[in-house]
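One structure below.
Every number in this text was worked out from the coordinates using simple rules, so none of it is lab data. Bear in mind that the values here come from a model prediction, so they are computed numbers and not experimental data. We place every Cβ from the backbone using ideal geometry, glycine too, and count neighbours over all the protein chains shown.
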Amino acid sequence: MANPSLFQPLSPNDIADLVAEQPLAWIVSGPAGALSSTPLPVQLECDAQGRPLRLLGHFARSNPQWRAFAEDPRATVLLIGPHGYVSPSWFEDRTRAPTWNYATAVFEVDIELHDTAEDASRLLQHLTDDMEQGRPGAWRPEEMGDRYFNLRQGVIGFHAHVRDIRATFKLGQDERDDVFDDILRGLWNTQHHSLARWMRRFDGGRGAGAISAIAPTPKPIDAEIAGFIDSVIAEGRRLTAGRTLDWPARREIVEQVRRPWCEGGPSIARTEEIFADTRHGPVRLRIYDPVPGTSKPTLGFLHGGGWAMFSLDTHDRVMRELAARAGMAVVGIDYALSPEARYPVALEQVVDVVRWLQANGAKHGLDANRLALGGDSAGGNLTTGALLKLRDEGEGDRIAAALNYYAGYSPDCSPQSRRRYGTDADMLSAAEVDTFWNQYISRPADRNHPYTHGLLADVEGLPPFFIGIGECDVLAEQNLAMAGKLLAYGIGVELKLYPGAPHSFIEAVSVSSIARQALDDGAAFLRRTFKIGRALAAVHE
């Protein structure tokens, strides 16, 4: 190693984050020639300044290694974090030798055994909470029932008090700038993103341009929409004030932030709220009828918000705009939000509402036999899932058209889309996409169910789609992919890509000509589908 002093941690947080990211470690003990070793998950506890105090873990009671700690508590804990081979094939200068970048930590500890049922429960619960946090359908030990008590009796806990730490973060600190950049790009190109991220953590800012040089340059956000985005993000951060909020509190803030942007717009002659019966209880519907007393098609609209936020109120203006511009009745569907109601609750509510509308719509002035379904973002995902489910249950002819804006068709965003349009500065970050999906689905397998992951579905027999895409949206790639899939199956698709538009852009209709154009385009698609004359679709600002 060229200069070990270069490879030291920059702060105690580096060691804590390394253990949190890679908690499986080797516990090594015993005299020379008679060493014992066991790979175990550990958790690190630190003092108020972030300095490591102890590692927590547990042995299987059947493992003989723990018994020796009563006489000699000394042990070494070895942890290997992200690591990878660095190939000279990545370098402009191919005279250089290969190397290996890595992050490791070696803890010299004294093991203190904790051999009570309460100790075992506390350690197992703590570990489970950490490992299950943020997972869809997070598991709890109580779900094992009586088997958990047998499991608890079979383990013995320990606190490994830290005497000394030797950590090495060999992450290119000794490389020339050009070689460092070559390594970063090589890691990126070979999908070693975790190691690349740790290299950036230790690079002092010198690698900032390495990845951007090979990544597509983001297009600028349209100036009119940028004002909306900046306002919404800034006001949300002001109201959040750095707090970690639960979902009900988050919803209160987004409702408050969105409220001014729903003001103005068309006046609708009749607005009425009713309830539809579904297998999951009553669902609130809001009817927007621009011309009462005349026969007209109906659009069932599903708001976005990652299945976890937003409401009929946040999308009130969007629904009024569509009703006026298309000359159709629009019915907002107030489906149940996650994580309180996880998949498939909202999807099944939507399917049941479609059936209810066709059975009862005429009583409320709706021609639900000429029915379209649509939405934005998560609402577009629910639209697609509902169409697939209805088709699979022999009811595909219930829906004549789909109207989707920047829908989610996959839980997976490519590394390129994440870097280009999924940053923390964007309207929808890739991290938020991950969070929303994990809060929506009930179990990991749901990620790949065709009713959630539309790109995996057989789309034969679906009705024609309108797909409106924001060019500057982390979901743009999957929307383009879905359009291609539909076309490949012979499904009619009207695709519109809106330059400079990010996620959520149709909500900026009060200030954005692009948003108004997108709503006009969607309305025109519906009018053509249902052969509605333009005179019925006049917009009254």
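General remarks:
- FRET efficiency for the pair residue 176 and residue 28, taken as 1/(1 + (r/R0)^6) with r the Cβ-Cβ distance and R0 = 51 Å, rounds to 0.90.
- Distance between modelled label sites at residue 425 and residue 497, nm, 7 Å Cα→Cβ extension: 2.3
- Helix 378-392 axis, angle to the chain major axis (alpha carbon atoms, nearest 10°): 70
- Sorting 215-223, 152-160 by average packing, meaning the other beta carbons within 10 Å per residue, from highest down gives 152-160, 215-223.
- For the peptides 39-50, 461-472, residues were scored by their other Cβ atoms within 10 Å and the scores averaged per peptide; the highest-first order is 461-472, 39-50.
- Cut-off 12 Å between beta-carbons: net charge of the residues surrounding residue 288, Lys and Arg +1, Asp and Glu -1: +1
- Normalised contact order of the chain, rounded percent, pairs of Cα under 8 Å and 6 or more residues apart: 12
- Under the shape rule built on the C-alpha gyration tensor, where the axes satisfy a ≥ b ≥ c, the range 102-231 is oblate, since a/c reaches at least 1.5 while a/b does not exceed b/c.
- Averaged over residues, the count of other Cβ atoms within 10 Å places the peptides 30-37, 180-187 in the sequence 180-187, 30-37, highest first.
- Using the Cβ of residue 92 as centre and a radius below 9 Å, the other residues enclosed give a net charge of -2, where K and R count +1 and D and E count -1.
- Restricting attention to the chain, the count of lysine pairs at 8 or more positions apart or across chains with alpha carbons under 21 Å apart stands at 6.
- (1) 1.01; (2) 1.06; (3) 1.30, with the label sought being that of the calculated Rg/Rh (Cα atoms, Kirkwood Rh): (2)
- CD proxy at 222 nm, helix term only [per DSSP H run n ≥ 4: -39500 (n - 2.57); per residue of the chain; nearest 500]: -10500 deg cm²/dmol
- FRET efficiency, residue 271 to residue 243 (Cβ-Cβ, R0 45 Å, nearest 0.05): 0.80
- Taking the longest Cα principal axis of the chain as reference, the axis of helix 345-360 is set at about 10 degrees.
- Sum of side-chain charges, residue 140 neighbourhood, beta-carbon under 12 Å (Lys, Arg +1; Asp, Glu -1): -3
- Near-label residues of the range 34-77 by backbone N, under 15 Å of a point 7 Å along Cα→Cβ of residue 110: 53-55, 69-76
- To the nearest ten degrees, helix 476-488 and the longest principal axis of the Cα atoms of the chain are 60 degrees apart.
- Take the Kirkwood radius over Cα pairs of the range 259-528, plug it into Stokes-Einstein at 10 °C and 1.306 mPa s, and you get 87 µm²/s for translational diffusion.
- Alpha-carbon Rg with Dmax, taken over the range 4-174, Å: 18.7, 63
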